[in-house]
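Trainee: Shown below is the structure under consideration.
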Ligand SMILES: Cc1cc2nc3c(=O)[nH]c(=O)nc-3n(C[C@H](O)[C@H](O)[C@H](O)COP(=O)(O)OP(=O)(O)OC[C@H]3O[C@@H](n4cnc5c(N)ncnc54)[C@H](O)[C@@H]3O)c2cc1C
């Protein structure tokens with residue numbers, strides 16, 4: 001266990017914002033959490049972080065930041081058809097995907113190269129190229145600040161677009177300790193994205209490794225490497241609008257891209273709205289809209305969280321003025337007190 005005061009968070013958020021946490025606790029097992037709770041040293045409220053790849057810190061954090069270093073991967077059940085794994089919340093997400101690909105377990109390959117850890121993967125219900133974490137998750141194990149341990153079934157998790165019940169619960173003292181996954185042993189791929197099929201066109205055989213490599217290449221071509229240029233990936237969610245609103249916008253912009261949204265309405269790519277509003281590649285001080293993908297805001301060097309927020313506000317205002325749509329951040333914005 002690591003416990004430290006005035007802990008620097010610069011290397012714990014992919015935006016590269018230079019802030020500190022008043023107290024930082026990293027635990028390596030559920031037992032360590034139980035011990036902290038029994039000793040009355042567990043904070044009543046806290047911010048749980050993974051790799052900080054979906055967070056924007058505005059200020060130094062006055063409270064306690066928790067981090068999981070539970071890094072176990074256990075086989076729970078194996079049949080000729082499938083394998084069930086119980087994975088520690090502190091396992092790096094992409095290490096988990098690498099393991100699945102190497103073992104010929106099908107299902108996680110489209111989620112290759114997404115930054116972050118397994119616990120947050122469930123909290124966020126991460127998704128890419130037609131697959132979401134919820135498609136693989138069977139249960140989520142948690143403990144709360146009173147020491148009550150609970151296993152959430154898939155239905156209990158209330159997964160939605162980049163959301164789950166754990167978003168609300170992590171603000172109420174619930175920690176995700178393990179995530180259980182079911183992977184198939186039968187060869188099957190999700191290749192319904194044109195970009196992925198195109199990238200695989202000259203590939204002699206479709207394999208898990210080939211799909212992983214293709215997806216990693218596509219991602220590297222359009223997303224900044226946080227080690228080089230700070231970002232949190234897509235900063236905004238794609239808005240869903242009523243059909244009438246969409247048709248009204250289409251009258252003036254016939255080329256507007258769109259997709260039917262799962263729960264009804266029309267989903268519009270926020271990146272397109274931002275680009276049409278003239279922001280792609282533009283900067284506001286040390287914060288910029290990434291020139292290869294307008295959905296991504298980047299720290300071009302030394303930006304504070306408030307510099308990024310000012311850019312986000314300016315982009316939102318332009319989109320609102322031009323299209324009447326309020327695009328909302330996907331990134332969690334953390335001020336002094338959560
Ligand atoms: C370059 C780049 C590309 C990206 N591409 C994608 C993409 O394709 N698809 C996608 O969905 N996302 C993408 N993201 C966003 C990000 O990778 C995911 O949201 C990821 O799940 C965040 O993981 P993390 O470990 O960094 O979590 P953090 O950002 O640290 O935390 C995310 C949330 O999870 C909570 N949390 C974390 N761990 C726990 C825990 N153990 N218990 C309780 N709560 C917890 C936090 O409080 C917070 O609310 C991208 C980000 C970057 C920088």
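The values are calculated or read from the model by the stated rules, or taken from the named source; none is laboratory data. The structure displayed is predicted, hence computed values, not measured ones. Cβ placement follows ideal geometry from the backbone for every residue including glycine, while neighbour counts extend to all protein chains displayed.
Trainee: Got at least one residue in the stretch 90-108 being within 12 Å of the ligand (Cβ to nearest atom), modelled with pLDDT of 95 or more and part of a loop (DSSP other than H, G, I, E, B)?
Mentor: yes
Trainee: Checking residue 266 against (1) surrounded by 19 or more Cβ atoms within 10 Å (Cβ to Cβ); (2) within 23 Å of residue 54 (Cα to Cα): exactly one of these is not met. Which one?
Mentor: Failed condition: (2).
Trainee: Conditions first: (1) without any contact (Cβ under 8 Å) to a residue 12 or more places away in the chain; (2) within 12 Å of the ligand (Cβ to nearest atom). Residue 70 passes all but one, so which condition is the exception?
Mentor: (1)
Trainee: Something else about it: Quick one: count up the residues across the stretch 144-170 that are touching a residue at least 60 places away in the same chain (Cβ under 8 Å) and crowded, with 21+ Cβ neighbours inside 10 Å.
Mentor: 1
Trainee: Return a yes/no flag: does the stretch 73-82 have any residue that is within 12 Å of the ligand (Cβ to nearest atom) and without any contact (Cβ under 8 Å) to a residue 60 or more places away in the chain.
Mentor: So in the stretch 73-82, the residues within 12 Å of the ligand (Cβ to nearest atom) come out as none.
No, because not a single residue in the stretch 73-82 is within 12 Å of the ligand (Cβ to nearest atom) and without any contact (Cβ under 8 Å) to a residue 60 or more places away in the chain.
Trainee: Does the stretch 1-25 hold any residues that are surrounded by fewer than 17 Cβ atoms within 10 Å (Cβ to Cβ) and assigned to a strand (DSSP E or B), and which are they?
Mentor: 2, 3, 4, 5, 6, 8, 22
Trainee: What tally of residues in the stretch 32-43 results from selecting those that are within 16 Å of the ligand (Cβ to nearest atom) and either farther than 22 Å from residue 88 by Cα or part of a helix (DSSP H, G or I) (or both)?
Mentor: Initial filter on the stretch 32-43 (within 16 Å of the ligand (Cβ to nearest atom)): 32-34, 36-37, 42-43.
Imposing the further condition that a residue be either farther than 22 Å from residue 88 by Cα or part of a helix (DSSP H, G or I) (or both) reduces the set to 32-34, 36-37.
Final tally of qualifying residues: 5.
Trainee: For the stretch 220-256, give me each residue that is closer than 28 Å to residue 286 by Cα and surrounded by fewer than 17 Cβ atoms within 10 Å (Cβ to Cβ). Write out each step before concluding.
Mentor: Looking only at the stretch 220-256, we keep the residues that are closer than 28 Å to residue 286 by Cα, and these are 220-239.
If the condition is that a residue be closer than 28 Å to residue 286 by Cα and surrounded by fewer than 17 Cβ atoms within 10 Å (Cβ to Cβ), then 220, 221, 222, 225, 227, 228 are the ones that fit.
Trainee: For the stretch 115-126, does any single residue satisfy the condition of being within 23 Å of residue 44 (Cβ to Cβ), surrounded by fewer than 17 Cβ atoms within 10 Å (Cβ to Cβ) and within 13 Å of the ligand (Cβ to nearest atom)?
Mentor: The answer is no, given that none of the residues of the stretch 115-126 is within 23 Å of residue 44 (Cβ to Cβ), surrounded by fewer than 17 Cβ atoms within 10 Å (Cβ to Cβ) and within 13 Å of the ligand (Cβ to nearest atom).
Trainee: For the stretch 323-333, which positions are more than 16 Å from the ligand (Cβ to nearest atom) and buried (at least 16 other Cβ atoms within 10 Å of the Cβ)? Even if it seems obvious, please write down each step before you answer.
Mentor: Initial filter on the stretch 323-333 (more than 16 Å from the ligand (Cβ to nearest atom)): 323-327.
If the condition is that a residue be more than 16 Å from the ligand (Cβ to nearest atom) and buried (at least 16 other Cβ atoms within 10 Å of the Cβ), then 323, 325, 327 are the ones that fit.
Trainee: Shifting gears a bit: Looking at 216, 195, 177 in this structure, which one is in contact with a helix residue (DSSP H, G or I) (Cβ under 8 Å, 6 or more places away or on another chain), assigned by TED's automatic domain parsing to the domain that holds residue 129, within 14 Å of the ligand (Cβ to nearest atom) and at pLDDT 95 or above? Talk me through it step by step, then tell me what you get.
Mentor: On the way: 216 fails: in contact with a helix residue (DSSP H, G or I) (Cβ under 8 Å, 6 or more places away or on another chain); 195 fails: at pLDDT 95 or above.
Just a single option satisfies the conditions, and that option is 177.
Trainee: Still on this structure, I have one more. Answer with yes or no whether residue 51 is outside any strand (DSSP E or B), touching a residue at least 12 places away in the same chain (Cβ under 8 Å) and within 11 Å of the ligand (Cβ to nearest atom).
Mentor: On the way: outside any strand (DSSP E or B): yes; touching a residue at least 12 places away in the same chain (Cβ under 8 Å): yes; within 11 Å of the ligand (Cβ to nearest atom): yes.
It is true that residue 51 is outside any strand (DSSP E or B), touching a residue at least 12 places away in the same chain (Cβ under 8 Å) and within 11 Å of the ligand (Cβ to nearest atom).
Trainee: Restricting to the stretch 284-312, count the residues that are closer than 15 Å to residue 274 by Cα, touching a residue at least 60 places away in the same chain (Cβ under 8 Å), in contact with a helix residue (DSSP H, G or I) (Cβ under 7 Å, 6 or more places away or on another chain) and not in a loop (DSSP other than H, G, I, E, B).
Mentor: 1
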